[in-house]
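The values are calculated or read from the model by the stated rules, or taken from the named source; none is laboratory data. Remember, it's a predicted structure, so these values are computed and weren't measured experimentally. Here Cβ is always computed from backbone atoms with ideal geometry, including for glycine, and neighbour counts include all displayed protein chains.
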Amino acid sequence: MFNYNMKEFKANKYILLRLEGIYTQMYANNERFIECVRLILEIPRKEVESFNGIESMDEASELSDHYLIDNEIYKEEHGKLAYSPYSYDIPPETEFWGHCSNIQAWIENDYNTFILHSNIAFPLLKELTNAGDPKAKRVFKEEIANRMSSPLS
(Lines give C-alpha, C1' and ligand atoms only; values in the text may rest on other atoms or scores of the structure.)
Protein backbone atom coordinates (compact mmCIF):
# COMPACT_ATOMS: atom_id res chain seq x y z
CA MET A 1 0.00 0.00 0.00
CA PHE A 2 1.44 3.38 -1.02
CA ASN A 3 0.82 6.51 1.05
CA TYR A 4 1.05 9.41 -1.42
CA ASN A 5 1.29 12.10 1.25
CA MET A 6 4.28 10.62 3.08
CA LYS A 7 5.98 8.76 0.18
CA GLU A 8 5.68 5.53 2.08
CA PHE A 9 5.21 1.96 0.84
CA LYS A 10 4.18 -0.79 3.24
CA ALA A 11 5.31 -3.88 1.34
CA ASN A 12 4.01 -6.34 3.92
CA LYS A 13 3.55 -6.69 7.68
CA TYR A 14 7.32 -6.54 8.24
CA ILE A 15 8.75 -4.27 5.52
CA LEU A 16 8.20 -0.55 5.01
CA LEU A 17 9.99 1.73 2.56
CA ARG A 18 9.92 5.48 3.08
CA LEU A 19 11.31 8.32 0.98
CA GLU A 20 13.05 10.63 3.45
CA GLY A 21 14.51 13.63 1.70
CA ILE A 22 16.28 12.21 -1.33
CA TYR A 23 16.96 8.74 0.12
CA THR A 24 14.85 5.63 0.40
CA GLN A 25 14.94 4.13 3.89
CA MET A 26 13.93 0.53 4.47
CA TYR A 27 12.41 -0.50 7.77
CA ALA A 28 12.15 -4.09 8.97
CA ASN A 29 9.74 -4.71 11.82
CA ASN A 30 9.43 -0.93 12.37
CA GLU A 31 13.20 -0.51 12.85
CA ARG A 32 15.39 1.29 10.33
CA PHE A 33 17.21 -1.48 8.46
CA ILE A 34 19.12 0.11 5.59
CA GLU A 35 19.33 3.20 3.45
CA CYS A 36 18.75 2.15 -0.14
CA VAL A 37 21.40 4.35 -1.70
CA ARG A 38 21.50 3.04 -5.25
CA LEU A 39 19.65 1.10 -7.87
CA ILE A 40 22.54 -0.97 -9.12
CA LEU A 41 21.56 -1.40 -12.75
CA GLU A 42 20.28 0.61 -15.60
CA ILE A 43 20.04 -1.64 -18.62
CA PRO A 44 19.87 0.27 -21.90
CA ARG A 45 17.28 -1.16 -24.29
CA LYS A 46 19.95 -2.06 -26.83
CA GLU A 47 21.68 -4.28 -24.21
CA VAL A 48 18.62 -6.14 -22.86
CA GLU A 49 19.33 -9.31 -24.86
CA SER A 50 22.81 -9.62 -23.33
CA PHE A 51 21.07 -10.23 -19.99
CA ASN A 52 19.12 -13.28 -21.26
CA GLY A 53 19.94 -16.31 -19.14
CA ILE A 54 20.92 -14.25 -16.10
CA GLU A 55 19.53 -15.92 -12.99
CA SER A 56 20.34 -13.45 -10.22
CA MET A 57 20.98 -9.80 -9.47
CA ASP A 58 24.52 -10.75 -8.49
CA GLU A 59 25.11 -12.17 -12.00
CA ALA A 60 23.49 -9.14 -13.63
CA SER A 61 25.67 -6.72 -11.70
CA GLU A 62 28.79 -8.70 -12.64
CA LEU A 63 27.77 -8.80 -16.31
CA SER A 64 27.47 -5.03 -16.27
CA ASP A 65 30.82 -4.81 -14.42
CA HIS A 66 29.06 -3.24 -11.41
CA TYR A 67 29.54 -4.57 -7.90
CA LEU A 68 27.69 -3.67 -4.71
CA ILE A 69 30.06 -3.40 -1.74
CA ASP A 70 28.85 -1.94 1.57
CA ASN A 71 25.86 -0.39 -0.21
CA GLU A 72 28.13 1.48 -2.64
CA ILE A 73 28.50 0.75 -6.34
CA TYR A 74 31.88 -0.03 -7.83
CA LYS A 75 32.64 -0.53 -11.51
CA GLU A 76 35.38 -2.73 -12.87
CA GLU A 77 37.83 -0.69 -14.92
CA HIS A 78 41.06 -2.16 -16.28
CA GLY A 79 40.78 -5.18 -13.98
CA LYS A 80 40.37 -3.09 -10.82
CA LEU A 81 37.32 -1.96 -8.89
CA ALA A 82 36.76 1.79 -8.78
CA TYR A 83 34.07 3.68 -6.88
CA SER A 84 31.30 4.58 -9.30
CA PRO A 85 29.19 7.60 -8.38
CA TYR A 86 25.87 7.88 -10.15
CA SER A 87 26.50 7.41 -13.82
CA TYR A 88 22.87 8.22 -14.54
CA ASP A 89 20.47 10.69 -13.02
CA ILE A 90 17.33 9.23 -11.48
CA PRO A 91 15.01 11.54 -9.55
CA PRO A 92 14.69 10.41 -5.90
CA GLU A 93 10.98 9.60 -6.23
CA THR A 94 11.60 7.46 -9.32
CA GLU A 95 14.41 5.63 -7.55
CA PHE A 96 12.11 5.14 -4.54
CA TRP A 97 9.55 3.49 -6.82
CA GLY A 98 12.31 1.26 -8.20
CA HIS A 99 13.23 0.09 -4.70
CA CYS A 100 9.54 -0.47 -3.87
CA SER A 101 9.07 -2.49 -7.05
CA ASN A 102 12.13 -4.64 -6.33
CA ILE A 103 10.98 -5.39 -2.77
CA GLN A 104 7.43 -6.13 -3.94
CA ALA A 105 8.76 -8.59 -6.56
CA TRP A 106 10.97 -10.21 -3.90
CA ILE A 107 7.97 -10.67 -1.59
CA GLU A 108 5.68 -11.93 -4.36
CA ASN A 109 8.33 -14.52 -5.26
CA ASP A 110 8.58 -15.92 -1.72
CA TYR A 111 11.73 -13.98 -0.78
CA ASN A 112 13.65 -15.45 -3.71
CA THR A 113 17.26 -14.50 -2.99
CA PHE A 114 18.08 -14.26 -6.70
CA ILE A 115 15.80 -11.24 -7.13
CA LEU A 116 17.69 -8.92 -4.79
CA HIS A 117 21.46 -8.57 -4.59
CA SER A 118 22.79 -11.05 -2.01
CA ASN A 119 24.30 -8.16 0.00
CA ILE A 120 20.72 -7.11 0.73
CA ALA A 121 18.69 -10.33 0.45
CA PHE A 122 20.49 -12.32 3.14
CA PRO A 123 20.75 -9.62 5.83
CA LEU A 124 17.09 -8.76 5.19
CA LEU A 125 16.08 -12.43 5.48
CA LYS A 126 17.96 -12.67 8.76
CA GLU A 127 16.34 -9.49 10.08
CA LEU A 128 12.86 -10.70 9.10
CA THR A 129 13.56 -14.09 10.69
CA ASN A 130 14.53 -12.34 13.93
CA ALA A 131 11.32 -10.29 13.68
CA GLY A 132 9.25 -13.48 13.60
CA ASP A 133 8.33 -13.64 9.91
CA PRO A 134 7.57 -17.36 9.35
CA LYS A 135 8.14 -17.21 5.58
CA ALA A 136 11.54 -15.57 6.09
CA LYS A 137 12.48 -18.20 8.66
CA ARG A 138 11.63 -21.01 6.24
CA VAL A 139 13.46 -19.42 3.30
CA PHE A 140 16.49 -18.52 5.44
CA LYS A 141 16.80 -22.13 6.67
CA GLU A 142 16.43 -23.45 3.10
CA GLU A 143 19.08 -21.05 1.79
CA ILE A 144 21.55 -22.04 4.52
CA ALA A 145 20.93 -25.74 3.80
CA ASN A 146 21.31 -25.19 0.04
CA ARG A 147 24.57 -23.34 0.44
CA MET A 148 25.99 -25.87 2.89
CA SER A 149 25.19 -28.73 0.51
CA SER A 150 26.53 -26.85 -2.53
CA PRO A 151 29.85 -28.06 -3.94
CA LEU A 152 30.95 -24.41 -3.94
CA SER A 153 30.62 -24.05 -0.16
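There is no residue in the stretch 68-81 that is within 30 Å of K141 (Cβ to Cβ), of a type in the set (A, V, I, L, M, F, W, C), modelled with pLDDT of 85 or more and crowded, with 18+ Cβ neighbours inside 10 Å.
Here the stretch 5-24 is the region considered, the condition is being in a strand (DSSP E or B) and touching a Leu at 6+ places or on another chain (Cβ under 8 Å), and the residue that is nearest to G98 (Cα to Cα) is T24.
Take E142 and tell me if it is buried (at least 16 other Cβ atoms within 10 Å of the Cβ) and either assigned to a helix (DSSP H, G or I) or at pLDDT 85 or above (or both). Answer is no for this residue.
Checked against (1) surrounded by fewer than 17 Cβ atoms within 10 Å (Cβ to Cβ); (2) modelled with pLDDT of 90 or more; (3) assigned to a loop (DSSP other than H, G, I, E, B), Y86 passes all but a single condition, namely (2).
Residues of the stretch 98-136 that are of a type in the set (V, I, T) and either touching a Gly at 6+ places or on another chain (Cβ under 6 Å) or part of a helix (DSSP H, G or I) (or both): I103, I107, I120, T129. For the stretch 107-139, filtered to residues that are among the hydroxyl-bearing types (S, T, Y) and without any contact (Cβ under 8 Å) to a residue 60 or more places away in the chain, the residue that is surrounded by the most Cβ atoms within 10 Å (Cβ to Cβ) is T113. You will find that of E142, E108, the residue that is acidic (D, E) and under 18 Å from the mean Cα position of the chain (by Cα) is E108 and no other.
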